[in-house]
Amino acid sequence: MKKPKLVVVGNGMAGIRTVEELLTLAPDLYEITVFGAEPHPNYNRILLSPVLAGEQEFKDIVLNPLSWYAENGIRLHLGKSVARIDRHRRTVVANDGTEEPYDRLLLATGSMPFILPVPGKDLKGVISYRDIYDTETMIATAKAKKHAVVIGGGLLGLEAANGLKIRGMDVTVVHLGEWLLDKQLDVTAGQLLQTSLEERGLSFLLQKQTAELVGNDAGEVTAVRFKDGDEVAADLVVMAVGIRPNTALAESAGLHCNRGIVVSDALQTFDPRIYAVGECVSHRGVAYGLVAPLFEQAKVCANHLAQLGIGQYKGSVLSTKLKVTGIDLFSAGDFMGGEGTEDIVLSDPAGGVYKKLVIKDDQLVGACLYGDTADGAWYFKLLREGRKIADLRDHIMFGESAIGDAGVQGQSRAGAMQDSDEVCGCNGVCKGTIVKAIKEKGLFTVDDVKKHTKAASSCGSCTGLVEQILMNTLGSSFQETPKTKAVCGCTDHNHGEVRKAIREHHLTSHKAVYDFLEWRTPNGCATCRPAVNYYLISTWPKEAVDDPQSRFVNERVHANIQKDGTFSVIPQMKGGVTNSSELRRIADVADKYHVPMVKVTGGQRIDLLGVKKEDLVSVWKDLGMQSGHAYGKSIRTVKTCVGSEFCRFGTQNSTQMGIDLETMLANMWSPHKVKLAVSGCPRNCAESGIKDVGVIAVDSGWELYVGGNGGIKTEVAQFLCKVKTGDEVKEYTGAFLQLYREEAYYLDRTVHYIARVGLDYIKQKVVDDAANRKALYERLLYSLEGLPDPWAARIAGVQKNEYIPIRLVTAGEPA
Amino acid sequence: MNAPLNTEQWLRVCTVEDIPRLGSRVVERDAGNIAVFRTASDSVFALLDRCPHKAGPLSQGIVHGETVTCPLHSWNIDLTSGEARAPDVGCARRYPVRVENGEVFLALASP
Ligand SMILES: Cc1cc2nc3c(=O)[nH]c(=O)nc-3n(C[C@H](O)[C@H](O)[C@H](O)COP(=O)(O)OP(=O)(O)OC[C@H]3O[C@@H](n4cnc5c(N)ncnc54)[C@H](O)[C@@H]3O)c2cc1C
Ligand code: SF4
Ligand code: FES
């Protein structure tokens, strides 16, 4: 069958983002053609301002080079503007006559700058600010001419003015409103902004209405004249007074438009074959002019183009930032306030700081920050979540830090903390303790602080905060922790170097590693030995000898040590499925060994807590079940939902898929624990979104997500790809996990590993390169093949002494 | 090793080979278990199996050099003295050990 044809009109940010999203969901569904009126591949329009300001060059802001189109088999018509859509014959025709048929059409024509309808608007030297052509014109003019007038004191106008000033022109900004950025800021913040831009040498004319642009005989602009008769000289006039959705093409094709091409929540126009995204669209009566909502639209639209049909776009709340280096402002939501709202305001004009929060019905509905925008993201989050803020109200103005809602990075929170405030929740260490240790013991690094105070030595989520405290306490003598830290005090080599040496020099024993890399200690320490052990066995499976003495007690004993020195035993229950005979044996074991607590775990299995070490082997024997590896840096569980076998929503047999995965991955060691989940439909009852690998069944196959984490910091898994069959689920999952096993550093979860190498890299290795995927998958199967179940091995006598204490029976021993 | 005081007596507990290298064995005793450690160079040390921090079982820790790292919160305990290594402060009781012909003897106090 021939592929259906998708034609995209508009080679800009929204259109191409939709194509990208579509390619990840359904790479081979369409034959894709793109028309672009500009003679360039898709570039980042947002970054035109840094280009104008000389901070970046055009080549830096290209998003999709021509090679990208070629690699994805996309036919690209550059410099061709589509003039006509023939909806009956389902073709589009470009201004040069090029004609392309379509089965689906995507309109992403963006918007047109609004040009004031004043005399002289067509003079030479009068431009708008929309694309790279305009930007280059401004850069060229700045070299030759002196006087620039920017009409419009909005985001675009100010960015243009700032750039032209940096390029050496005298710049006057003309603005109709009472203050600058009157759509983004309230009057106080607007005035603060004006002051600081004036300090940079910009001039402003507010509440001025342009009447006419004056030109010379050569048709070049020379001045701007206002309604009140005033005039300013101008060699260049930049009109930045707003944009209008570019709907001409759609309208001429008879599509319903109303200040934008009208679309449904599925981004579909009134013609079901035609979709539209981006600034050209009117969704629920709103046309957006910022990329964040457009990217949300792109995601939903791609989902429908891929025929998945589950996405819905419901509109977006917006936030704004001005991209003028050195000026921080942020606004979101309804920052003006009005009927029924209350304001909380902090104003320090001398210090250049102004913050206003607008509250309605006990919810934050707007924020406007100037000078200190560090908490913008936090306010934006509260605003979007619509969280009740009664409990925060007293402190909300002072930001997230004042709430003690410690996130992962310390940012500037540390300075604001009291000495009695807790920094490390795991180890109960207060700021005062850390500061004292730094001063008295002369500590310089996070590692020092870890050693001396235990702060940041457990979950590590307060590391950022500790760094901040170091920085605040030591000032300039603070040395940032290098990105690639030594493994531990035994060596100067970092994890990457150790892995590399083991691989490249075929090192297969601890001794070989310590000798070759000149470890300072004869046999490492409790930090490096487990890491080296993992690197050895993962790099040289079946060759390197796994050293139990280099493993943390849980992995050596194959049970989880508890604070009283007893252990917990969790037998394997693949996919969370058990049966009456297993349950009976578990019950019998609990009775026989007086197990104090029997608990269902979060991973859908049963935990026997409080087992004595010397009973472990007989407990395993009586259970007659395999190890659940609930104690190791290893595969843990594959959580499943009931799926299509029983659930009325289920689209695939998720339970069996989970069992198959758990069977495949049995006994797998990894840099850190690995958890999987399989859900039978997008309702996602197995919580696949927070697993290292999450699988979600859809009608047409399985979606794979990677890098989720439900632990210390919740991380949502990212979409990797969609596959059709269960065998593919196994192959892609296996390949991804093998890549992680081969490349991640010890104690990095998948999320950390992905953060280091980037999701694109993972996709390249696992999704795009089929041969590499197969090779990874085979290496995984090879290293797992023949690994014994550790419990069975110990029942058979392996490491017997580990479990048998020596009893003193001599008469002389006192009671 | 020093001769035990006359209130102590030497008890044979096991052979050196019974203890894994860079590992330990537990000697059970009503008066508190004793952890017997063996280093890479086959020296043997004995400590009360109770970490000075929060009573963690030192016998379950990782042995490196002449140190054991407690499995519960990673204090490092010096095997030769029982002292916690800086910055932690505390001491696990140490028992004299004698190795003769591959047999391990512990000196335990008599009542
Ligand atoms: C200087 C500047 C700074 C900005 N800064 C920010 C910012 O900081 N933050 C932010 O969120 N947003 C910013 N924006 C807005 C952002 O760039 C736009 O929202 C976004 O680019 C719109 O994407 P789009 O795909 O809808 O339109 P565009 O990116 O404009 O793409 C539309 C494309 O379609 C082409 N086209 C139109 N009609 C046809 C036709 N008939 N045939 C063929 N091709 C056609 C156009 O030539 C254009 O290339 C800025 C914009 C500018 C100009
Ligand atoms: S995820 Fe879907 S299939 Fe699975 S139990 Fe929930 S609703 Fe049913
Ligand atoms: S009990 Fe040993 S370190 Fe805490």
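The values are calculated or read from the model by the stated rules, or taken from the named source; none is laboratory data. Bear in mind that the values here come from a model prediction, so they are computed numbers and not experimental data. Backbone-built Cβ (ideal geometry, glycine too); neighbour counts: all protein chains shown. For accessibility, only protein heavy atoms count, side chains too; no ligands or nucleic acids. Shrake-Rupley method; radii C 1.70, N 1.55, O 1.52, S 1.80 Å.
Shape verdict for the range A:640-689, please, from the Cα gyration tensor: rounded (a/c under 1.5), prolate (a/b greater than b/c) or oblate.
Oblate.
Treat each spin label as a single point 7 Å out from the Cα along the C-beta direction, and report the A:Asp28 to A:Asp546 distance in nm.
With each label point 7 Å from Cα toward Cβ, the separation is 3.9 nm.
With θ set to phi - 60°, apply the Karplus curve 6.51 cos²θ - 1.76 cosθ + 1.60 along the range A:334-347 and write out the HN-Hα couplings as whole Hz, x wherever there is a Gly or Pro.
8, 7, 7, x, x, 3, x, 10, 10, 10, 10, 10, 10, 10
Let me check against my output: what whole-number percent is the relative contact order of chain B, with C-alpha pairs under 8 Å and at least 6 apart?
29 percent
Assuming 0.36 nm per residue, please report the length gained on full extension of the stretch A:Val118 to A:Asp217 beyond their Cα-Cα distance.
My answer for the length gained is 33.8 nm.
Pulled fully out, how much extra length does the chain show between A:Ala775 and A:Leu66, if you take 0.36 nm times their separation in residues and subtract their Cα-Cα distance?
Net length gain for the segment: 252.2 nm.
Work out from phi, with θ = phi - 60° and the Karplus expression 6.51 cos²θ - 1.76 cosθ + 1.60, the ³J(HN,Hα) of each residue of the range A:594-606, listed in order in whole Hz, and give x for Gly and Pro.
The phi angles translate into 6, 5, x, 9, 10, 9, 7, 8, x, x, 6, 8, 10 Hz.
Return the percentage of antiparallel bridges among DSSP beta bridges fully within the protein assembly as shown, rounded to the nearest 5 %.
Looking only at bridges with both residues in the protein assembly as shown, the antiparallel portion is about 70 percent.
How compact is the range A:707-815 by the rule of thumb for globular proteins, expressed as Cα Rg over 2.2 N^0.38 Å?
That works out to 1.66 for the range A:707-815.
List the accessible area buried at the contact between B and A, summed over both sides and calculated with a 1.4 Å probe, in Å² to the nearest 100.
That pair of chains buries around 2700 Å² in total.
So, R0 is 22 Å and r is the distance between the beta-carbons of A:Leu759 and A:Ile310; what FRET efficiency does that work out to, to 0.05?
Rounded to the nearest 0.05, the efficiency is 0.50.
Can you send over the carbon and sulfur percentage of the accessible area for the protein assembly as shown, probe radius 1.4 Å, protein chains only?
Looking at the protein assembly as shown in its full context, I get 50 percent from C and S.
How many percent of the alpha carbon pairs in chain A exceed a separation of 54 Å?
24 percent
At a probe size of 1.4 Å, how large is the accessible area of A:Phe444, to the nearest 10 Å²?
The accessible area of A:Phe444 comes to roughly 90 Å².
Within 10 Å, at most 15 other Cβ atoms, and a DSSP state outside H, G, I, E, B define an exposed site. Report the longest part of chain B free of exposed trypsin sites (Lys or Arg not before Pro).
Looking at chain B, B:22-53 is the longest stretch - no exposed trypsin sites (Lys or Arg not before Pro) with at most 15 other Cβ atoms within 10 Å.
Trypsin sites (Lys or Arg not before Pro), restricted to the range A:291-356: which are DSSP loop and have at most 11 other Cβ atoms within 10 Å?
Those satisfying the criteria are A:Lys314.
Please identify the longest segment of chain A free of exposed GluC sites (Glu not before Pro), where exposed means a DSSP state other than H, G, I, E or B and no more than 13 other Cβ atoms within 10 Å.
A:544-784
So who's got an amide H within less than 5 Å of the one on A:Tyr43, skipping anything under 5 residues away but keeping other chains? H placed 1.01 Å off N, in plane.
Distant-sequence amide H within range of A:Tyr43: A:Leu63.
Quick one: Cα centre-to-centre distance for the range A:230-264 and the range A:140-183, in angstrom?
Centre-to-centre distance over Cα atoms comes out at 20 Å.
Report, in deg cm²/dmol and to the nearest 500, the calculated mean residue ellipticity at 222 nm for chain A, where each DSSP H run with n ≥ 4 adds -39500 (n - 2.57) and the sum is divided by the residue count.
-9000 deg cm²/dmol
Could you tell me whether the range A:272-373 comes out rounded, prolate or oblate from its Cα gyration tensor? Rule is a ≥ b ≥ c as square roots of the eigenvalues, rounded for a/c under 1.5, then prolate if a/b exceeds b/c, otherwise oblate.
prolate
Of all trypsin sites (Lys or Arg not before Pro) in the range A:205-282, which ones are in loop regions per DSSP and have a Cβ with at most 14 other Cβ atoms within 10 Å?
Of the trypsin sites (Lys or Arg not before Pro), the ones in loops of the range A:205-282 whose Cβ has at most 14 other Cβ atoms within 10 Å are A:Lys227, A:Arg259, A:Arg273.
Gap in Å between the Cα centre of the range B:33-94 and the Cα centre of the range A:713-775?
Each part's Cα centre sits 40 Å from the other's.
Over the Cα atoms of the range B:31-99, what is the Rg over Rh ratio if Rh follows Kirkwood?
0.92
Place a +1 charge on the Cβ of each Lys and Arg in the range B:58-111 and a -1 charge on the Cβ of each Asp and Glu, then give the dipole magnitude about the Cα centre in debye, rounded to the nearest 20.
120 debye
So if we plug the beta-carbon distance of A:His256 and A:Lys599 into 1/(1 + (r/R0)^6) with R0 = 45 Å, what FRET efficiency do we get, rounded to 0.05?
With R0 = 45 Å, the Cβ-Cβ based efficiency is 0.15.
Let me spell out the model: positive unit charges on the Cβ of Lys and Arg, negative unit charges on the Cβ of Asp and Glu, origin at the Cα centre of the range A:633-784. What dipole size does that give, in debye rounded to 20?
It comes to approximately 380 debye.
Would you give the gap between the C-alpha center of the range A:543-577 and the C-alpha center of the range A:1-73, rounded to a whole Å?
One Cα centre to the other: 50 Å.
Looking at A:Val358, A:Ile327, A:Val300, which one has the Cα that reaches farthest to the positive end of the dipole of the range A:292-378 (charges on Cβ: Lys, Arg +1; Asp, Glu -1)?
Positive-end residue among those listed: A:Val300.
Quick one: accessible area per residue over the range A:651-731, 1.4 Å probe, rounded to a whole number of Å²?
34 Å²
Can you give the convex hull volume per residue for the Cα atoms of the range A:495-551, as a whole number of Å³?
Per residue, the Cα convex hull of the range A:495-551 comes to 68 Å³.
Could you report the range A:495-551's accessible area per residue, 1.4 Å probe, as an integer in Å²?
Ligands and nucleic acids excluded, the figure is 44 Å² per residue.
Averaging sequence separations of C-alpha pairs under 8 Å and six or more residues apart, then dividing by the length of chain A, give the relative contact order as a whole percent.
7 percent
Could you state how much accessible area A:Asp361 has, in square angstrom rounded to the nearest 10, with a 1.4 Å probe and all protein chains kept in place?
Ignoring ligands and nucleic acids, A:Asp361 comes out at about 120 Å².
If the cut-off is a Cα-Cα distance under 30 Å, which lysines reach A:Lys621, setting aside same-chain residues fewer than 8 apart in sequence?
Here the lysines satisfying the reach criterion relative to A:Lys621 are A:Lys542, A:Lys563, A:Lys574, A:Lys592, A:Lys599, A:Lys612, A:Lys613, A:Lys633, A:Lys639, A:Lys673, A:Lys675, A:Lys800.
A:Gln626's amide H: which non-local residues (gap 5+, or another chain) put their own amide H closer than 5 Å, with H modeled 1.01 Å from N in plane and none for Pro or chain starts?
A:Gln572
Which Cys in chain B stand alone, with every other cysteine's Cβ at 4.7 Å or more from theirs?
B:Cys14, B:Cys91
Of A:Asn709, A:Val241, A:Cys681, which is farthest along the charge dipole of the protein assembly as shown in the positive direction, counting Lys and Arg as +1 and Asp and Glu as -1 at C-beta?
A:Cys681
Starting from the residue with the highest accessible area, list A:Ile469, A:Ile115 in decreasing order, probe 1.4 Å.
Most to least solvent-accessible, the answer reads A:Ile115, A:Ile469.
Calculate the dipole size of the range A:126-241 relative to its Cα centre from +1 charges on Lys and Arg beta carbons and -1 charges on Asp and Glu beta carbons; express the result in debye to the nearest 20.
That gives a dipole near 220 debye.
Taking chain B as a Gaussian network, Cα atoms linked when under 10 Å apart, which of B:Glu83, B:Glu28, B:Glu66 shows the biggest mean-square fluctuation?
The residue with the greatest mean-square fluctuation here is B:Glu28.
Could you tell me which residue out of A:Ile16, A:Tyr30, A:Ile46 lies farthest along the dipole of the range A:1-60 toward its positive end? Charges go on the beta carbon: Lys and Arg +1, Asp and Glu -1, centred on the Cα centre.
Checking the options against the dipole of the range A:1-60, the answer is A:Tyr30.
Share of antiparallel DSSP beta bridges in the range A:667-815, in percent to the nearest 5?
Here the share of antiparallel DSSP bridges comes out near 75 percent.
Find, among the chymotrypsin sites (Phe, Trp or Tyr not before Pro) in the range A:266-302, those assigned to loop by DSSP (not H, G, I, E, B) with at most 15 other beta-carbon atoms within 10 angstrom.
Sparse-neighbourhood loop chymotrypsin sites (Phe, Trp or Tyr not before Pro): A:Phe270.
Using square roots of five times the C-alpha gyration tensor eigenvalues, list the equivalent-ellipsoid semi-axes of the range A:20-158 in whole Å, biggest first.
Equivalent ellipsoid of the range A:20-158: 33, 20, 13 Å, largest first.
Find the accessible area per residue for the range B:20-94; the probe is 1.4 Å, ligands and nucleic acids are left out, and the unit is Å².
For the range B:20-94, the per-residue accessible area is 37 Å².
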